[in-house]
Amino acid sequence: MVAAEQAVFDTGVSVDALMRRAGEAAGEMIWRLGGNTPTLVLCGPGNNGGDGYVLAQFLGQKGVPVTVAALTEPRTDAARHAGARYQGEVIALADANAHPQVVDCLFGSGLTRSIDDAVWRVFSSLIKKASRSFAVDLPSGADADQAIWLNDPLHFDHVLALGAFKYAHLLEPVASACGAVSLIDIGVDVPDGAVTQISKPSIAPPDAQSHKYRRGLVVVVAGAMVGAALLAARAAQGTGAGYVKILGVGDAPAGLPADIVWQRADEPEAVSAALADPRIGAVLVGPGLGRGADAEALVDAAMACAHPLVLDADALHLLGNRREGLANRTAPVALTPHHGEFTALSEAVSVATDAPNKASRTARLAKALRACVLYKGADSVIAAPDGRVIIADRRCSWLSVAGTGDVLAGCITARLANHGVALHAVAEAVWLQDRAARYAGPAFTAGQLAKTLPLAVESCLDR
Ligand SMILES: NC(=O)C1=CN([C@@H]2O[C@H](COP(=O)(O)OP(=O)(O)OC[C@H]3O[C@@H](n4cnc5c(N)ncnc54)[C@H](O)[C@@H]3O)[C@@H](O)[C@H]2O)[C@@H](O)CC1
């Protein structure tokens, strides 16, 4: 964001002008949501406080009863100018009373250390007592880049992100305390490499020339627990794959749906031979695989195939000494670790996990392994080896049930089989899984989730 702001300043726009745009745009949003609700604006020493004086002036001119309470005198030139232009009275923060609506402009992206205890007590009490609380740019107490709380977590109803998202808006534990987050346009072009929030994908329906292979032949390599492979296969179907096949040992399990093909492959050589089929769109290995010698042989067979590949669950635990194999692949690879798998994998391939936040940690692993990495969780981060990162924030919490990872893996594999671009396939699948969860209602099972995937796809159709 600093680079983007500098680019605007280079065109002759001053810090004062940018602050004015920011404060007025934030004021406009608060006025639209809060109308004439009596409002307390809390101003800090830096430019975040400057935004507060601008928006207080704006709200006052709209007829909103406004009180400004300041922590200290403004300490930047732009904040001083904004403070001087504010025509109302300014009281000390310590003297402020509870108001139905409070706007936090104490600290924004410049917070470098935890807020003093006495200040925090007054501030957090005012926020908690308000019926509606806003934070301008960032909640005070949150570190923008590390996306952590420097003070206790504090919940806001609405956060107005100025110009661009910062990591704290999208990554836990701060994101879920931000309430609704609105991106406020302040005339700054968001630079390449900025924090990117996941967006609804656009999915093309099958065209007139479509057939099952063109839509995507998905192959799931089954292991010790066939049920997991089956769940992934059902999810691949629900995502629109044209043909879904499971490679497994022995005969097809009882009750296998007739529209999922079971191909018997008792030995790893048989798996390799099956994976030589040039019509395959993408291969999934990992759900229910196991971690023994048989599983290792299946991972080797899958990694040696020429198709786009998704490595999930147990397969991720077997990657430690297969880094070379990953690097040598020419077809795209997607890895889908949750927290435990991410930590174990990073350790196994000697990639440090001390980057400032989850997004940079994911980007580092993706670059090191030359694979697309989806680091799953309530905030899911998708990173491509070239450094692009997408954050899926505030995922449906009902997804925290057994089997949803298998569903997601199947969904990713179906999208990958369809177009072969790992970053897009993963982002589409993450979005689709979350939407399917919302359609499934509360307390769904993984199987029920797979059944609502077609509805999620329907909502994304580009027609
Ligand atoms: N850079 C710009 O030109 C613009 C910035 N804008 C606003 O400016 C904010 C960033 O402004 P600043 O860099 O001035 O940062 P802040 O306004 O977040 O505050 C920084 C000031 O607080 C002090 N400080 C940091 N941590 C503290 C603590 N724990 N206790 C007491 N004092 C502490 C710092 O020493 C510094 O004086 C953004 O979040 C945004 O709201 C907008 O006005 C748009 C224009």
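Is the range 113-120 home to any residue that is open to solvent by less than 10 Å² (accessible area, probe 1.4 Å) and in contact with a strand residue (DSSP E or B) (Cβ under 9 Å, 6 or more places away or on another chain)?
no
Taking the range 319-352 as the search range and keeping residues that are hydroxyl-bearing (Ser, Thr, Tyr) and open to solvent by 40 Å² or more (accessible area, probe 1.4 Å), which one is farthest from ALA427 (Cα to Cα)?
That would be SER350.
For ALA355, all conditions in the list (1) over 20 Å from PRO385 (Cβ atoms); (2) under 19 Å from the mean Cα position of the chain (by Cα); (3) not in a helix (DSSP H, G or I) hold save one; what is the number of the exception?
Just one mismatch for ALA355, condition (1).
What tally of residues in the range 243-257 results from selecting those that are open to solvent by 60 Å² or more (accessible area, probe 1.4 Å) and at pLDDT 95 or above?
2
Looking only at the range 155-171, which residues are more than 13 Å from the chain's Cα centre (by Cα), assigned to a loop (DSSP other than H, G, I, E, B) and within 12 Å of the ligand (Cβ to nearest atom)? Explain how you work it out, then say what you get.
Taking the range 155-171 as the starting set, the residues that turn out to be more than 13 Å from the chain's Cα centre (by Cα) are 155-164.
Right, trim to assigned to a loop (DSSP other than H, G, I, E, B) and you get 155-157, 163-164.
GLY163, ALA164, listed by residue number.
Where residues in the range 17-52 are within 12 Å of the ligand (Cβ to nearest atom), open to solvent by 40 Å² or more (accessible area, probe 1.4 Å) and charged (D, E, K, R), which of them is farthest from ILE184 (Cα to Cα)?
Across the range 17-52, the extreme among qualifying residues is ARG20.
Does GLY83 fit the bill of being within 26 Å of ALA147 (Cα to Cα) and either at pLDDT 95 or above or hydroxyl-bearing (Ser, Thr, Tyr) (or both)? Can you show your working first?
Working: within 26 Å of ALA147 (Cα to Cα): no; either at pLDDT 95 or above or hydroxyl-bearing (Ser, Thr, Tyr) (or both): yes.
Considered against the rule, which asks whether it is within 26 Å of ALA147 (Cα to Cα) and either at pLDDT 95 or above or hydroxyl-bearing (Ser, Thr, Tyr) (or both), GLY83 comes out as no.
Does GLY63 fit the bill of being touching a helix residue (DSSP H, G or I) at 6+ places or on another chain (Cβ under 7 Å), closer than 24 Å to ILE127 by Cα, in contact (Cβ under 8 Å) with a residue 24 or more places away in the chain and open to solvent by 30 Å² or more (accessible area, probe 1.4 Å)?
Against the criterion (touching a helix residue (DSSP H, G or I) at 6+ places or on another chain (Cβ under 7 Å), closer than 24 Å to ILE127 by Cα, in contact (Cβ under 8 Å) with a residue 24 or more places away in the chain and open to solvent by 30 Å² or more (accessible area, probe 1.4 Å)), GLY63 does not qualify.
Would the range 274-284 turn up any residue that is open to solvent by 10 Å² or more (accessible area, probe 1.4 Å) and under 30 Å from ILE391 (Cα atoms)?
The answer is yes, given that some residue of the range 274-284 is open to solvent by 10 Å² or more (accessible area, probe 1.4 Å) and under 30 Å from ILE391 (Cα atoms).
Could you give every pair whose Cβ atoms fall below 6 Å, whose first residue belongs to the range 86-103 and is open to solvent by 30 Å² or more (accessible area, probe 1.4 Å), and whose second residue is not hydrophobic (A, V, I, L, M, F, W, C), counting only separations of at least 6 or pairs across chains?
So the pair list comes out as GLY88/GLY60; ALA98/LYS129; HIS99/PRO38; PRO100/THR37; PRO100/PRO38; PRO100/SER131.
Among the residues in the range 256-269, are any within 21 Å of VAL421 (Cβ to Cβ), in a loop (DSSP other than H, G, I, E, B) and among the aliphatic types (A, V, I, L, M)?
no
For SER114, indicate whether it is modelled with pLDDT of 95 or more, within 12 Å of the ligand (Cβ to nearest atom), farther than 22 Å from ILE30 by Cβ and among the hydroxyl-bearing types (Ser, Thr, Tyr).
Numbers: modelled with pLDDT of 95 or more: yes; within 12 Å of the ligand (Cβ to nearest atom): yes; farther than 22 Å from ILE30 by Cβ: yes; among the hydroxyl-bearing types (Ser, Thr, Tyr): yes.
Considered against the rule, which asks whether it is modelled with pLDDT of 95 or more, within 12 Å of the ligand (Cβ to nearest atom), farther than 22 Å from ILE30 by Cβ and among the hydroxyl-bearing types (Ser, Thr, Tyr), SER114 comes out as yes.
Given the structure, is ARG264 assigned by TED's automatic domain parsing to the domain that holds VAL426, of a type in the set (Lys, Arg) and at pLDDT 95 or above?
In short, yes.
Of all residues in the range 437-463, which are under 18 Å from ALA204 (Cα atoms) and either open to solvent by 60 Å² or more (accessible area, probe 1.4 Å) or assigned to a helix (DSSP H, G or I) (or both)?
Residues satisfying the conditions are LEU453, PRO454, LEU455, ALA456, VAL457, GLU458, SER459, ASP462, ARG463.
Filter the range 366-401 for residues that are among the aliphatic types (A, V, I, L, M), under 20 Å from PRO308 (Cα atoms) and in a loop (DSSP other than H, G, I, E, B); which is nearest to the chain's Cα centre (by Cα)?
In this case the residue turns out to be ALA384.
Could you give me the residue pairs with C-beta distances under 9 Å whose first residue belongs to the range 337-350 and is outside any helix (DSSP H, G or I), whose second residue is hydroxyl-bearing (Ser, Thr, Tyr) and open to solvent by 40 Å² or more (accessible area, probe 1.4 Å) wherever it lies, and which are 6+ apart or on separate chains?
PRO337/THR343
Within the range 143-154, work out how many residues are touching a strand residue (DSSP E or B) at 6+ places or on another chain (Cβ under 8 Å) and assigned to a loop (DSSP other than H, G, I, E, B).
Qualifying residue count, the range 143-154: 1.
Here is a list: SER114, SER140, SER109, SER133. Which entry is outside any loop (DSSP other than H, G, I, E, B) and among the polar types (S, T, N, Q)?
SER133
Six or more apart or on different chains, Cβ under 6 Å: which pairs go from a residue in the range 160-186 that's among the β-branched types (Val, Ile, Thr) to one that's more than 10 Å from the ligand (Cβ to nearest atom) and assigned to a strand (DSSP E or B)? Could you list them?
Within 6 Å, the pairs are VAL174/ALA142; VAL181/VAL159.
The values are calculated or read from the model by the stated rules, or taken from the named source; none is laboratory data. Just so we're clear, the structure is a prediction, and the values are computed from it rather than from any experiment. Cβ sites come from the backbone with ideal geometry, for glycine too, and all protein chains shown count toward neighbours. Side chains included, ligands, DNA and RNA excluded: accessible areas come from the protein's heavy atoms. Shrake-Rupley method; radii C 1.70, N 1.55, O 1.52, S 1.80 Å.
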